Amino acid sequence: MTESIHATPPNATLADMFTPIELVRPPRVLFGGGLVASVGAWARENGIARTLVVADAFNAARVGLLDLPGAVTVFDRVRPEPDTANLDDLLAVAEAAEPQLVVGFGGGSAMDLAKLAAVLPGSGQTLADVAGAERVRSKRAALAQVPTTAGTGSEAGTRALVTDPAAASKIAVQSLHMLADLAVVDPDLTMTVPRAVTAATGVDALAHCVEAYTNRKAHPAIDLYALAGIRLIGRWLPRAVADGSDREARAGLALASLYGGFCLGPVNTAAGHAVAYPLGTRHHVPHGAANALVFPHVLAFNAPAVPEKTAGVLAALGLKPVSEPAAVLQAAHGWCVALGCTMSLSDLGVPEDDLPRMAEEAHAIRRLLDNNPRPVGRDDILAMYRAAY
């Protein structure tokens, strides 16, 4: 499963390569089928006697695969798009368990909550205290991340997102203290992911790569991962959707998701994720499904600002390399439809009269919109929502 990639991505200039950038990775990343029990081996090597596993109900039932030593406490109530109440429940369990190791075992929701469980209990800090960038005082427990979906790349990053139900918005925490000490990416764990979730989470990984590649902060050191991730998704996502037991396709997607995670730290996402967030916070649309629906519209909107990169994205997906917005929208939309993604807001149960409020909330997410290669106004976002309705 080899991918041909350029040593220096297209359009990289000398100025780009002199732009300072910091690359942060978990100190130990294990990638490969059948490696899930490596978490237990690592725990033994490091004298871990008490572990807290953060998981949803499905993955809680297979915690034994981790082969953890000593006392193991399992928090099995991770919800999709976790909110502050879900986090509070977890922190209460963590306070009682006093773990030496926290393991995120699941999708992005489990891994994001695990990050917070590794830094908040016993710290004297609340979620409000650490919201934002680098406000966490210290890591309180070792952290291992084990993804069971191929989408978020959260195992490689330092950010956690929690929904504030009162404000119907995401609270973002970023800290180097939330970087995993160990990330184990075992593609075999994703073999049970249903077809629709495979498609949606795959497009989420794609969005990470594309939004980083077309970003105002884009950098050749990250473009390399972004382009490789896009090519992997273009090659393997249709196969994994067609046959969930295709082990090679599952491995390709797991690697693409990891690459997407590498893109998030130094560059991050842009308008795509900002436009997608209100679908989750206001209407409980799963994050992957929201990103899949939004992806073609934002790619087409940005095309006039980054025409060569837009054409490059489509080429990497195996599509005709066009850059005219209408043609970009048609190509990207058709690709998502072929995967079986739901591409209509009405089909996702989003009421039409809420679109203006959603546009206002998305427009307020400046930490992402300011990364976008083309300025995005509230009316631009509303037009995307209406086009997707």
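The values are calculated or read from the model by the stated rules, or taken from the named source; none is laboratory data. Remember, it's a predicted structure, so these values are computed and weren't measured experimentally. When we count neighbours, we look across all protein chains shown, and the Cβ atoms used for this are built from the backbone with ideal geometry, even at glycine. Note: accessible area is taken over every heavy atom of the protein model, side chains too, but ligands, DNA and RNA are not part of it. Shrake-Rupley method; radii C 1.70, N 1.55, O 1.52, S 1.80 Å.
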Gly349 neighbourhood, Cβ < 15 Å, K/R = +1, D/E = -1, net charge -4
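How much accessible area per residue does the chain have, counting only protein heavy atoms and a probe of 1.4 Å, in square angstrom? Intermediate values should be presented prior to the final figure.
Details: 14750 Å² over 389 residues.
Result: 38 Å² per residue.
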Heavy-atom accessible area of region 1-157 with neighbours in place, 1.4 angstrom probe: carbon+sulfur share in percent works out to 54
Heads up, region 62-199 by the C-alpha gyration tensor (a ≥ b ≥ c square roots of eigenvalues; a/c under 1.5 rounded, else a/b over b/c prolate, else oblate) looks oblate
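Under the rule a/c < 1.5 gives rounded, and otherwise a/b versus b/c splits prolate from oblate, where does region 208-359 land using the Cα gyration tensor? Walk me through the intermediate numbers first.
On the way: a/c = 1.44, a/b = 1.19, b/c = 1.20.
Because its axes are fairly even, with a/c under 1.5, region 208-359 counts as rounded.
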Taking the alpha-carbon centre of each part, the distance from region 317-371 to region 26-100 in Å is 34
In whole Hz, the Karplus estimates of ³J(HN,Hα) for region 91-97 (6.51, -1.76, 1.60; θ = phi - 60°; x where Gly or Pro) are 5, 5, 5, 5, 4, 6, 7
Contact order relative to length for the chain, counting C-alpha pairs under 8 Å separated by 6 or more residues, stands in percent at 16
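At a 10 angstrom cut-off on C-beta neighbours, averaged per residue, how do the peptides 268-278, 75-85 rank from highest to lowest? Walk me through the intermediate numbers first.
Details: 268-278: 26.7, 75-85: 18.6.
Answer by packing, highest mean first, reads 268-278, 75-85.
Once you list every other residue whose beta carbon is under 11 Å from the beta carbon of Phe301, what net charge do they have if Lys and Arg are +1 and Asp and Glu are -1?
On the way: positive: Arg374; negative: Asp380.
Summing Lys and Arg as +1 and Asp and Glu as -1 gives 0.
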Summed over the other residues with a beta carbon less than 14 angstrom from that of Ala196, with K and R at +1 and D and E at -1, the charge totals -1
Relative contact order of region 51-100 (C-alpha contacts under 8 Å, at least 6 apart) in percent is 43
So the carbon and sulfur contribution to the accessible area of region 195-388, 1.4 Å probe, in percent, is 53
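Lys pairs in the chain, Cα-Cα under 27 Å, at least 8 apart or on separate chains: how many?
Working: Lys115/Lys139; Lys115/Lys170; Lys115/Lys217; Lys139/Lys170; Lys170/Lys217; Lys217/Lys309; Lys217/Lys320; Lys309/Lys320.
So the count of such lysine pairs works out to 8.
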Protection proxy (average C-beta count within 10 Å per residue), highest first, orders 179-188, 286-295 as 286-295, 179-188
If amide H atoms are modeled at 1.01 Å from N in the peptide plane, then the residues at a separation of 5 or more from Leu30, or on another chain, having amide H under 5 Å from its own are Ala183, Val184, Val185
Which residues qualify? For Val119, with a placed amide H closer than 5 Å and at least 5 residues away or on another chain, they are Arg140
Relative contact order as a percentage, region 28-189, C-alpha pairs under 8 Å and 6+ apart, gives 27
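By its C-alpha gyration tensor, with a ≥ b ≥ c as the square roots of the eigenvalues, how is region 139-284 shaped: rounded for a/c under 1.5, else prolate for a/b larger than b/c, else oblate? Show your work: numbers first, answer last.
Working: a/c = 1.30, a/b = 1.29, b/c = 1.01.
Rounded is the answer for region 139-284, as its axis ratio a/c remains below 1.5.
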Given backbone amide H placed at 1.01 Å from N, residues whose amide H is under 5 Å from that of Ser169, ignoring those fewer than 5 places away on the same chain, are Asp164
For the chain, the longest principal axis of the Cα atoms and the Cα long axis of helix 378-387 enclose an angle in degrees, to the nearest 10, of 80
Per the helix-only model, the chain has a calculated mean residue ellipticity at 222 nm (DSSP H runs of ≥4, -39500 (n - 2.57) each, divided over all residues, rounded to the nearest 500) of -14500 deg cm²/dmol
